[in-house]
Amino acid sequence: QVQLVESGGGLVQAGGSLRLSCAASGSIFSIDDMAWYRQAPGKQRELVAGINSEGTTNYADSVKGRFTISRDNAKNTVYLQMNNLKPEDTAVYCCYGRRTDRDRTQYHYWGQGTQVTVSS
């Protein structure tokens, strides 16, 4: 079964940068769509950034111009480069992947999450 393994979270000062990585393993099939979600205490889970199999990206308005999602298909890895971090970016960040079969059956995969804390 597919597993998503995350790394790169931690503590950073406001204005700093972090790069999150999410590596997929355990399947011979590629994951079509990947994304990063985050959830802060007392807040609902939010889609931060997504990237599809063609490389098309989308971002939450709150992170546009600061975050960049990318993928390396050869390494089965998705990245989230986070620049100019703000305290309001503090959250647990989770990697998400979706595979869609030819019959349109969809499979969903989640990482366990990594804590990002931005101090002021």
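Specify which of the listed residues (39, 115, 44, 81) is free of Cβ contacts under 8 Å to residues at least 12 places away in the same chain, farther than 13 Å from residue 4 by Cβ and either out of contact with any His (no Cβ under 8 Å at 6 or more places or on another chain) or of a type in the set (A, V, I, L, M, F, W, C) (or both). Just one listed residue meets the conditions, 44.
If the condition is being closer than 16 Å to residue 19 by Cα and open to solvent by less than 40 Å² (accessible area, probe 1.4 Å), then the range 52-89 contributes 63, 66, 67, 69, 77, 78, 79, 80, 82, 85, 89.
Of all residues in the range 53-78, those satisfying the criterion of being more than 17 Å from residue 6 (Cα to Cα), of a type in the set (S, T, N, Q) and at pLDDT 95 or above are 56, 57, 58, 62.
Of all residues in the range 90-112, those satisfying the criterion of being within 17 Å of residue 1 (Cβ to Cβ) and open to solvent by less than 20 Å² (accessible area, probe 1.4 Å) are 95, 97, 109, 111.
Among the residues of the range 3-22, those identified as surrounded by fewer than 17 Cβ atoms within 10 Å (Cβ to Cβ), farther than 13 Å from residue 116 by Cβ and either modelled with pLDDT of 95 or more or hydrophobic (A, V, I, L, M, F, W, C) (or both) are 5, 15.
The values are calculated or read from the model by the stated rules, or taken from the named source; none is laboratory data. No experiment lies behind these values; they were computed from the predicted model shown. Ideal geometry is used to build each Cβ from the backbone, glycine not excepted, and the neighbour counts take in all protein chains shown. Surface areas here come from the heavy atoms of the whole protein model, side chains and all, with no ligands, DNA or RNA. Shrake-Rupley method; radii C 1.70, N 1.55, O 1.52, S 1.80 Å.
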